[in-house]
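As structure tokens, the structure follows; a few thoughts come after it.
The values are calculated or read from the model by the stated rules, or taken from the named source; none is laboratory data. These numbers come from a predicted model, not from an experiment. All Cβ positions, glycine included, derive from the backbone under ideal geometry; neighbour counts span all protein chains shown. Keep in mind that these areas ignore ligands, DNA and RNA; they rest on the heavy atoms of the full protein, side chains included. Shrake-Rupley method; radii C 1.70, N 1.55, O 1.52, S 1.80 Å.
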Amino acid sequence: MTYCIAASIDEGLILVSDSRTNAGIDNVSTHGKMHAFDTLSDRKIILLCAGNLATTQAVLEQLHRDKIKNAKINFNNVESLFEAAEYLGQVSVEKQKQYVSAPGQSAFNPSASFILAGQIGTDTHGAYMVYAEGNSITSSANTPFLQIGESKYGKPILDRFLKLGTSIDEAARCCLVSMDSTIRSNASVGAPVEMLIYRKNSFSLEEYYCFDDDDDYMLQLRRSWETKLREAIASLPCLDKKLNKNMHVAL
């Protein structure tokens, strides 16, 4: 399983991904799921990947090959992130069709999903989630983040704290806590954890981090979050100890 987050806020983008690939309890390995493309200077495009590893690798290879060969549509000539997401969706669907099991074979799921994020030209930065079917959605003012993979454990903190106006550094910590909460609750998501901070209009990908499971900062973040959670629970209003008058007690 996988967990990837893309937060698109006023100050820029925060992209976070784990690196665990699980094809069964006896086949666990590490593969990076964050991929930055070497494009023209007027654009930055990053992909986060989830789903079948063979499919995602085939899609990435096709995208790189199209760019090198200057294909009719590639990441160097698309005019917007939306157009880039449409192109990515088409490539993904084509690759999935190649790997669909023939009738009578054992079940095989070649599906893959992606988050495409970045900035092109004078357009604002942004992020799109590209489904296995090839269509896509973008983030919104009410929900300024996208998730793929094992999203349920890390979503509550994003829902409560992440807003368009959240500072980019605070949003980065929020996304890391979301990832750590998922790792804590799901053994199929694991370190190393990659994080990229893109500040709007910078066209720079220099703020990149990679955290191992025993990284000092991640350990400090985890301990601090758990301590503050315990303190918050302890400070909540106490329950009324009087018996609820509407409750029926069986004798």
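Observations on the model:
- Residue list for the range 77-93, filter: in contact with a helix residue (DSSP H, G or I) (Cβ under 8 Å, 6 or more places away or on another chain) and over 16 Å from residue 49 (Cβ atoms): 78
- Residue in the range 225-241 that is least open to solvent (accessible area, probe 1.4 Å), counting only those that are farther than 25 Å from residue 149 by Cα and either in contact with a Pro (Cβ under 8 Å, 6 or more places away or on another chain) or assigned to a helix (DSSP H, G or I) (or both): 232
- Residues satisfying the stated conditions in the range 38-60, i.e. under 16 Å from residue 118 (Cα atoms) and either free of Cβ contacts under 8 Å to residues at least 60 places away in the same chain or not hydroxyl-bearing (Ser, Thr, Tyr) (or both): 38, 39, 40, 42, 43, 44, 45, 46, 47, 48, 49
- Conditions (1) open to solvent by 50 Å² or more (accessible area, probe 1.4 Å); (2) over 19 Å from residue 6 (Cβ atoms): number failed by residue 140: (2)
- Test: residue in the range 74-83 that is β-branched (Val, Ile, Thr) and assigned to a loop (DSSP other than H, G, I, E, B): yes
- Where a residue in the range 70-94 is more than 20 Å from residue 58 (Cβ to Cβ) and touching a residue at least 24 places away in the same chain (Cβ under 8 Å) and its partner, wherever it lies, is of a type in the set (Asp, Glu) and assigned to a loop (DSSP other than H, G, I, E, B), with Cβ under 6 Å and at least six apart: 80/123
- The condition (being without any contact (Cβ under 8 Å) to a residue 12 or more places away in the chain and of a type in the set (S, T, N, Q)) is satisfied by just one residue among 113, 140, 136, 181: 140.
- Looking only at the range 146-193, residues that are open to solvent by less than 20 Å² (accessible area, probe 1.4 Å), under 25 Å from residue 216 (Cα atoms), under 14 Å from the mean Cα position of the chain (by Cα) and modelled with pLDDT of 95 or more come to 13 in all.
- Scanning the range 110-131 for residues that are touching a strand residue (DSSP E or B) at 6+ places or on another chain (Cβ under 6 Å), farther than 15 Å from residue 146 by Cβ and part of a loop (DSSP other than H, G, I, E, B) returns a single hit, 111.
- Residue count for the range 77-90, restricted to those that are open to solvent by less than 40 Å² (accessible area, probe 1.4 Å) and either of a type outside the set (Gly, Ala, Ser) or under 20 Å from the mean Cα position of the chain (by Cα) (or both): 7
- Among the residues of the range 166-224, those that are in contact with a Ser or Thr (Cβ under 9 Å, 6 or more places away or on another chain), closer than 19 Å to residue 150 by Cα, in a loop (DSSP other than H, G, I, E, B) and not hydroxyl-bearing (Ser, Thr, Tyr) comprise 189, 190, 191, 192.
- Total residues in the range 131-145, condition over 17 Å from the mean Cα position of the chain (by Cα) and within 18 Å of residue 189 (Cβ to Cβ): 0
- Residue 54 being under 24 Å from the mean Cα position of the chain (by Cα), among the aliphatic types (A, V, I, L, M), in a helix (DSSP H, G or I) and closer than 21 Å to residue 197 by Cβ: no
- Beta carbons closer than 8 Å, at least 6 apart along the sequence or on distinct chains, pair a first residue in the range 152-165 that is over 23 Å from residue 125 (Cα atoms) with a second that is basic (Lys, Arg) and surrounded by 11 or more Cβ atoms within 10 Å (Cβ to Cβ) for 153/184.
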